[in-house]
1. To the nearest 20 debye, what is the magnitude of the charge dipole of chain A about its Cα centre, counting +1 on the Cβ of each Lys and Arg and -1 on the Cβ of each Asp and Glu?
2. Which of the peptides B:42-51, A:107-116, B:4-13 is most tightly packed, and how do the rest follow, judged by the mean count of other Cβ atoms within 10 Å per residue?
3. Using alpha carbons only, how many degrees (0 to 90, rounded to 10) separate the axis of helix A:122-150 from the longest principal axis of chain A?
4. Kindly flag which residue pairs out of A:K18/B:K61; A:K18/B:K42; B:K61/B:K148; B:K61/B:K157; A:K18/B:K155 have an alpha-carbon separation exceeding 21 Å in this structure.
5. So what's the angle, to the nearest 10 degrees on a 0 to 90 scale, between helix A:97-120 and the longest Cα principal axis of chain A?
6. Return the average number of partner chain Cβ atoms within 10 angstrom of each residue Cβ along peptide B:32-44.
7. Tell me which of A:M60, A:V128, A:L12 sits at the most positive position along the dipole axis of chain A, charges placed on C-beta atoms (Lys, Arg +1; Asp, Glu -1).
8. With the cut-off at 1.5 for a/c, could you classify the range A:1-72 from its C-alpha gyration tensor as rounded, prolate or oblate?
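Please treat every number below as a calculation from the coordinates, not as lab data. Computed from a prediction, not measured in an experiment: that's the story for all the values here. Ideal geometry is used to build each Cβ from the backbone, glycine not excepted, and the neighbour counts take in all protein chains shown.
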Amino acid sequence: MKPGQETQLEKLIQRELKTLPELPAPATVADQVMAAIARRAQIPWYHRSWAEWPGALQAMSLVVMLVLFAGLCLAGAHVPQTRLAGDAAHQANRWFAGLDVIGNTLKVLADSAGLAFHQLGSGLLVAVAVAAGVGYALCLGLGTLYCRTVFLKR
Amino acid sequence: MTNPQQFETFMQNYQNMVFSTAMRLLAKQVEAEDVTQEVFLKAYANFAQLQDNPSAGGWLKTVATNLCLNHLSRYRSRWSFFSELFGGTEDEPAQPEFPAADNIEEALNQSDRREAVERALQELPAAQRVPLVLHHLEDLGYEEIAAKLGISLGKVKTDLFRGREALRRKLRLKLDPEDSLN
């Protein structure tokens with residue numbers, strides 16, 4: 001197509017599309033919106049997002065959060081000097097001792113996987129990875145086909 | 001506090017515009033209705049600012065466009081690979097289903113003609129339809145379209161050209177060969 005014709009085509013399509021009137025929205029849209037608004041209005045304030053809370057509650061919650069934050073900062077500055085803090089640290093060490101066991105188990109599993117890799121060779125592992133990839137692609141493909149045939153025909 | 005009656009009037013004033021935008025971008029009535037509903041729920045949350053604002057229409061159009069593009073990009077990233085593999089519709093526009101008259105302009109009256117243009121637009125693949133709608137109906141420039149769709153400027157121009165050409169073929173519009181030098 002010649003450059004002049006491209007401009008001509010652009011103007012032609014512009015003229016066709018610009019004459020299109022607005023499409024009438026289905027009558028049900030307004031009812032659905034109003035019903036959704038009514039449903040939302042019945043939700044109590046504490047189940048809504050913070051932005052939708054009443055102004056007084058927003059202000060109050062802000063003050064509470066600031067007080068809590070200040071309290072935490074003060075506690076952070078003073079607690080490490082007390083005997084209680086030492087006890088808490090000891091207790092925390094006991095709680096997290098279990099993590100060592102988990103770490104050791106993961107290390108054994110990783111060593112076993114490394115050994116298996118050396119024994120079996122990379123070919124088998126590549127084959128397993130390819131089979132998993134093909135399986136995933138097959139699932140995605142079947143899902144797409146299902147969507148195209150069932151939903152997109154509506 | 002928002003007055004539901006005032007909002008209903010507001011909605012009646014703008015619902016066709018929002019629905020048209022959604023319908024032309026998505027080309028599916030059910031999805032266009034869902035987007036229209038979502039746009040007005042957002043508008044309800046911001047009704048205090050929109051109520052007497054002269055740019056409310058622009059705000060609604062922008063929200064509708066963005067919601068449609070989000071919807072299309074979600075759908076596209078999930079299914080495009082396989083839809084192209086199975087259907088291949090992105091680059092092969094559907095065959096026109098219009099009367100076989102040589103000059104369709106003469107055969108159709110104004111209302112039928114608009115319906116035919118609307119139908120032809122909806123039959124275009126999303127990759128061509130969306131830039132066409134954004135450029136010709138929403139008055140966005142090429143760069144803005146590229147930014148909104150996250151594609152290159154070259155692709156926008158190619159898709160627009162293909163879309164216009166497909167629409168011209170579907171509507172059997174004729175270019176004036178004499179005018180090619182202008």
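1. Here chain A has a charge dipole of around 380 debye.
2. Those peptides, ordered most packed to least, come out B:42-51, B:4-13, A:107-116.
3. Once rounded, one gets 40 degrees.
4. Flagged as over cut-off: A:K18/B:K42; B:K61/B:K157; A:K18/B:K155.
5. Its long axis makes an angle of about 60 degrees.
6. 4
7. Of the options given, the answer is A:L12.
8. Numbers: a/c = 7.03, a/b = 2.24, b/c = 3.13.
Oblate.
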